[in-house]
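One structure is given here, and the rest of the page talks about it.
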Amino acid sequence: MKKICLFFSATFIFITFFYFYSLNTFAAANPMIKIGLYFKTTAQSQIDISSNKGVAFFGFDSASNKEYIVYNSTSDEVITLRKDGFFTVSGSNYTAVGEGASPTLPQSGPYHIQVEKDYGTYNDAFAIVQNYAKKGITAYPVYTDSGWNVWTGFYINKTDAEKDIANVKAKLGDISYTVIEKSDTRIYGVNGAGEVKFMFASAKCLLRGKSLSDQNQNPINIGKTTSYRGQVEFFRKADSDMTIINVLPMEEYIYGVVPNEMQASSHVEALKAQAIAARTYSYKTINKHSAYGFNLCSTTDCHVYKGYSSESPITNKAVDDTKDMVVTYNGSLAETLYFSSSGGRTESAVNVWGTDFPYLRSVEDKYESGYSYKYNWSVTYTVEELSEKLKSYGLGTVTSMEITKCSEAGRPIEIVIKGTLKPEGVVITKDKCRTFLGLDSQWYTINGNSGSSNTANTSFFIKNKNTTKLINQIKVKTASGETKLLSSGKVTVVGANGIKNNLGTGSEVGPKISPTSYTFVGKGWGHAVGMSQEGAKGYANAGYTYDQILAHYYTGTKIELKK
């Protein structure tokens, strides 16, 4: 058994005492949480929804917390939800297009004709739809805030709808007809045969779906391959496709997070630490995406979340075994940041984002495996590639890069980059030392191919009245007539007056040729603040428990049950 240091022993005793105390003082919490699956640029114009017991589609009134039945699909029936907009149609394939992009019929165009009055239920409206079908008119039930309507047609513009009223009237008789204007919020559902089963046109409620089974093991399928627990919510913002949200209890959400953040084959104590860190971060950032109608998203911006499809019995047990546990500091939820690999030592938050957290300090990560993915890495960029990647800095051609300041952990926290247009250089600091090139971590050295490390003074350039050029950008013609680039720092220039100048030792040029490439040699993967996931696995394999792991990475914190 691994010998535990005094710090861990004392921390473990205190946490154990507080944990059992917490069991008697705090009630368990498992609130509903909304996870954005598709939104903004990933919002969907159409998507398939199904469940092996069928799906209950309903309008959800958040003000009253009430549900209003819209449509129940049958077992394994696939309903395609589609925005009420413009599409081009080829066979059964619908492709969303803009209003001016020649949309095609049928079922393309957000203008419709309402026939006659409101109805009390879906069945009432559907009976009318069936009656109209016998008369040659394809119609569909529409859920509105005033009751059920019956609409017909999908028209590209209002004029087309108005013109078609005469055709509808000739078949259905002299009853009332009203043109329905375009709306950016409507959604409708069609079955595999292309039949419109319902149109959802409520301004008061949100459209949701849930499995008709009352078992968690019968989730709802969203898209072709992924299934989710709980409910799924659909809505459209102005000029947008459908935002799609998974609504489910917090603990069930964490089920779908842990196996996507840490392999299910990891040591159970590491998985428990991951579950607690993910749960804490979720509560701490609960309103991160509230502007988009949900709490958190399913990407690395929050946690990687892939729903029921990705769950594992092993990771689910780790979540259950730590149910409601969170990390706190001085009675408040801690910022339980985590990342993949530190390379041997984590970093203090102040050196990455400029904000100091007393529990997010640099600590040794001695059990992280040297074989971890990205534990060691390197990447090389040519001067041309760097100059292009950094063109927003206005450097021109990059002439030197120098690490001018490092943190106590050894990571660059200040770099000076010079270029032909800015020989004085630009300074980048803290996290930008990683993100300015999308590097794997902030822990690295820079080597120019001239042989220097952390290169600062390897520039070699010629100045004249109007331009500044690197010596290896100058072309000369040799005695044989061949045109080639210069490649040596020892260059003699003969002026018009016949005077020779040795540029290799002149005051306007450096002592060496400028590197043509720079290699970044680094360690670790991610921002390096908080818990290293690879390190947590190493600590667990060495015999440490989840609470000891968390106490190591989040200095001075406690574990409590969520109030």
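The values are calculated or read from the model by the stated rules, or taken from the named source; none is laboratory data. Being a predicted model, the structure only gives us computed values, none of them experimental. Cβ: placed from backbone, ideal geometry, glycine included. Neighbour counts: every protein chain shown.
Consider SER211 carefully, then state whether it is crowded, with 23+ Cβ neighbours inside 10 Å and more than 20 Å from the chain's Cα centre (by Cα).
Numbers: crowded, with 23+ Cβ neighbours inside 10 Å: yes; more than 20 Å from the chain's Cα centre (by Cα): yes.
Judged against the criteria, SER211 is a match.
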Name the pairs whose Cβ atoms lie under 7 Å apart, with the first residue in the stretch 168-182 and at pLDDT 95 or above, the second of a type in the set (Gly, Ala, Ser) and not in a loop (DSSP other than H, G, I, E, B), and 6 or more positions between them or separate chains?
VAL179/ALA161
Could you tell me whether any residue of the stretch 132-142 is within 19 Å of TYR188 (Cα to Cα), of a type in the set (Gly, Ala, Ser) and modelled with pLDDT under 95?
no
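So, ASN218, is that one surrounded by fewer than 21 Cβ atoms within 10 Å (Cβ to Cβ) and either more than 18 Å from the chain's Cα centre (by Cα) or under 28 Å from GLU77 (Cβ atoms) (or both) or not?
On the way: surrounded by fewer than 21 Cβ atoms within 10 Å (Cβ to Cβ): yes; either more than 18 Å from the chain's Cα centre (by Cα) or under 28 Å from GLU77 (Cβ atoms) (or both): yes.
For ASN218, the condition - surrounded by fewer than 21 Cβ atoms within 10 Å (Cβ to Cβ) and either more than 18 Å from the chain's Cα centre (by Cα) or under 28 Å from GLU77 (Cβ atoms) (or both) - is met.
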Taking interchain pairs and intrachain pairs at least six residues apart, which have beta carbon atoms under 8 angstrom, with the first residue in the stretch 371-388 and at positive phi and the second in a strand (DSSP E or B)?
LYS374/SER341; LYS374/TRP525
Residue count for the stretch 242-275, restricted to those that are assigned to a loop (DSSP other than H, G, I, E, B) and over 18 Å from the mean Cα position of the chain (by Cα):
5
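With in the same structural domain as GLU534 (by TED's automatic domain parsing), in a loop (DSSP other than H, G, I, E, B) and acidic (Asp, Glu) as the only criterion, which of GLU335, GLU368 stands out?
On the way: GLU368 fails: in the same structural domain as GLU534 (by TED's automatic domain parsing).
Answer to the check: GLU335.
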Within the stretch 116-175, work out how many residues are farther than 30 Å from GLU67 by Cα and in a loop (DSSP other than H, G, I, E, B).
8
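Here is a list: LYS224, LYS204, LYS182, LYS197. Which entry is in a strand (DSSP E or B) and of a type in the set (Lys, Arg)?
Among LYS224, LYS204, LYS182, LYS197, only LYS197 is in a strand (DSSP E or B) and of a type in the set (Lys, Arg).
Pick from the stretch 330-352 the residues that are among the aliphatic types (A, V, I, L, M) and in contact (Cβ under 8 Å) with a residue 60 or more places away in the chain: which of them is nearest to PRO412 (Cα to Cα)? Even if it seems obvious, please write down each step before you answer.
Going residue by residue through the stretch 330-352, those that are among the aliphatic types (A, V, I, L, M) are 333-334, 337, 349-350, 352.
When the remaining residues are screened for being in contact (Cβ under 8 Å) with a residue 60 or more places away in the chain, the result is 334, 337, 349, 352.
Details: ALA334: 26, LEU337: 20, ALA349: 14, VAL352: 10 Å.
Looking at the filtered set, the residue picked out is VAL352.
Would you please name the residue that is farthest from the chain's Cα centre (by Cα), looking only at residues in the stretch 415-446 that are outside any loop (DSSP other than H, G, I, E, B) and hydroxyl-bearing (Ser, Thr, Tyr)? If you could, list the steps in order and put the result at the bottom.
Of all residues in the stretch 415-446, those outside any loop (DSSP other than H, G, I, E, B) come to 415-419, 426-429, 432-435, 444-446.
If we keep only those that are hydroxyl-bearing (Ser, Thr, Tyr) as well, we get 429, 435, 444-445.
On the way: THR429: 25, THR435: 16, TYR444: 26, THR445: 29 Å.
Per the criteria, the residue is THR445.
Can you tell which of ASN191, ASN167, ASN131 is surrounded by fewer than 19 Cβ atoms within 10 Å (Cβ to Cβ) and either under 35 Å from the mean Cα position of the chain (by Cα) or hydrophobic (A, V, I, L, M, F, W, C) (or both)? Let's see the steps before the verdict.
Working: ASN167 fails: either under 35 Å from the mean Cα position of the chain (by Cα) or hydrophobic (A, V, I, L, M, F, W, C) (or both); ASN131 fails: either under 35 Å from the mean Cα position of the chain (by Cα) or hydrophobic (A, V, I, L, M, F, W, C) (or both).
Among ASN191, ASN167, ASN131, only ASN191 is surrounded by fewer than 19 Cβ atoms within 10 Å (Cβ to Cβ) and either under 35 Å from the mean Cα position of the chain (by Cα) or hydrophobic (A, V, I, L, M, F, W, C) (or both).
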Residue list for the stretch 423-438, filter: under 15 Å from MET401 (Cα atoms) and not polar (S, T, N, Q):
PRO423, GLU424, GLY425, VAL426, VAL427, ILE428, LYS432, CYS433, ARG434, PHE436, LEU437
I'd like to check something: does the stretch 46-64 contain any residue that is of a type in the set (Ser, Thr, Tyr), surrounded by fewer than 21 Cβ atoms within 10 Å (Cβ to Cβ) and in contact with a helix residue (DSSP H, G or I) (Cβ under 9 Å, 6 or more places away or on another chain)?
no
Looking at (1) more than 30 Å from GLY54 (Cα to Cα); (2) crowded, with 16+ Cβ neighbours inside 10 Å; (3) more than 34 Å from the chain's Cα centre (by Cα), which is the one condition that is false for SER176?
(2)
Here's a check for you: in the stretch 276-321, which residue that is aliphatic (A, V, I, L, M) and assigned to a helix (DSSP H, G or I) is farthest from TYR253 (Cα to Cα)?
ALA291
Would you check which residues across the stretch 94-141 are free of Cβ contacts under 8 Å to residues at least 12 places away in the same chain and either of a type in the set (Gly, Ala, Ser) or in contact with a His (Cβ under 9 Å, 6 or more places away or on another chain) (or both) and list them?
GLY100, ALA127, ALA133
